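Take a look at the structure below.
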Amino acid sequence: MAADYRTPDRLLSAAAPGEEQAQAQDPPKPVLAVAATHDGLRFWQYMLAGSVAGVVEHTAMFPVDTLKTHMQAGSPPCRPVLSLGAALRAAVSGEGGVRALYRGLPAMALGAGPAHAVYFSVYEFAKSRLSDRLGPNNPAAHAASGVLATVASDAVFTPMDTVKQRLQLTSSPYTGVSHCVRTVLRDEGLGAFFASYRTTVVMNAPYTAVHFATYEAAKRMFGDMATNEDSLAVHATAGAAAGALAAAVTTPLDVVKTQLQCQGVCGCERFSSSSIGDVFRTIIKRDGYAGLMRGWKPRMLFHAPAAAICWSTYEASKSFFERFNEKRRK
């Protein structure tokens, strides 16, 4: 027999008056109390939709991410790169040419798929729980859900993000993902993969808060102007605005994260500790306050279209699963 995922109060309201009396006489039957659905979708469907959105987003924007890494990495021979043009020339000047812009892509795919699956499923789960307590469309519920999702997904993504950024560097000593993983484990230990985790969470928590607050506000504004407030164009435009603003605000923390992940590679400076404050002071002493905003242009160029691609892909995947579920119910 197919499991009925309706909540008990909906089951009661769906029963006919005569059936209620019969149910009172019969012994209660166990109800499958699994929080398997939210807004008509099962949580594995949210995970798959999020995974697809993450891989599509990061694959499409990977060359821009490579340029950002070159601008933020730091010391000679990973010398400071102050413009997009110089970053592009530095990225393609070594072995591989234009293909060097995609160094580290397999590491990104291995990390982005699972991380976005965790991110969107945790977000939807937390949002459903917090919305019950705080009310629907509550900004605090959206922000808190995003922070919880960030903490969980960053634990999955940070190790592969470290591998990805080390592979992106010009003259990287690593030949591929597996070689990088083995070498880092042997020379630096497991902790090296999580050296930037704290910084990543500290960065992504405000990023997520700004992103979702801006996204919800922009979605309402663009939805009022559009004929269809749930169109993919509305989601894409709102996502682009949210991604650009959140990226600009959190660039200093992203610089710290990148330098922690690339320390000791290609001559990049190695820090005595992974303290965020210590790294901030080192960057300011070496490069001035402008060093904290290095790479803000490619970061915005990355996150604006990336968020547009991610949200539109995620919503399109959700629509697919909604139609799929509807057909199964018929």
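Quick rundown of the values:
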| item | result |
| --- | --- |
| Filtered chymotrypsin sites (Phe, Trp or Tyr not before Pro), the stretch 92-177: DSSP coil and at most 13 other beta carbons within 10 Å | none |
| Cross-link table LYS164/LYS297; LYS297/LYS318; LYS68/LYS285; LYS68/LYS318, entries beyond 26 Å C-alpha to C-alpha | LYS297/LYS318; LYS68/LYS318 |
| Whole-Hz couplings from phi, Karplus 6.51/-1.76/1.60, listed for the stretch 232-247; x for Gly and Pro | 5, 5, 5, 4, 5, 5, 5, x, 4, 4, 5, x, 5, 5, 5, 5 |
| In sequence order, calculated HN-Hα J values of the stretch 317-323 (Karplus, 6.51, -1.76, 1.60; Hz; x Gly/Pro) | 5, 4, 4, 4, 5, 5, 5 |
| Compactness of the stretch 86-210 - radius of gyration and Dmax, Cα, Å | 17.8, 56 |
| Cα lying deepest toward the dipole's positive end in the stretch 44-313, options GLN45, THR200, TYR174, charges on Cβ | TYR174 |
| The stretch 156-302: radius of gyration and largest Cα-Cα distance (Dmax), Å | 18.1, 58 |
| Cα-centred dipole magnitude for the stretch 44-313, charges only on beta-carbon of K, R (+1) and D, E (-1), debye, nearest 20 | 700 |
| Neighbour-limited loop hits for trypsin sites (Lys or Arg not before Pro), the stretch 203-307 (at most 16 other Cβ within 10 Å; DSSP other than H, G, I, E, B) | ARG270 |
| Exposure rank, largest accessible area first [TRP296, TRP311; 1.4 Å] | TRP296, TRP311 |
| For the stretch 44-313, with +1 on Lys and Arg beta carbons and -1 on Asp and Glu, the positive-most of TRP311, ASN137, THR69 along the dipole | THR69 |
| Computed Rg/Rh of the stretch 44-313, alpha carbon atoms with Kirkwood Rh | 0.97 |
| Whole-number percent relative contact order across the stretch 44-313, with pairs defined as alpha carbons under 8 Å at least 6 apart | 26 |
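The values are calculated or read from the model by the stated rules, or taken from the named source; none is laboratory data. Computed from a predicted model, the values in this text were never measured in an experiment. Don't worry about glycine lacking a Cβ; one is built from the backbone with ideal geometry, like all the others, and counts go over all protein chains shown. The area values use the complete protein model at the heavy-atom level, side chains included, leaving out ligands, DNA and RNA. Shrake-Rupley method; radii C 1.70, N 1.55, O 1.52, S 1.80 Å.
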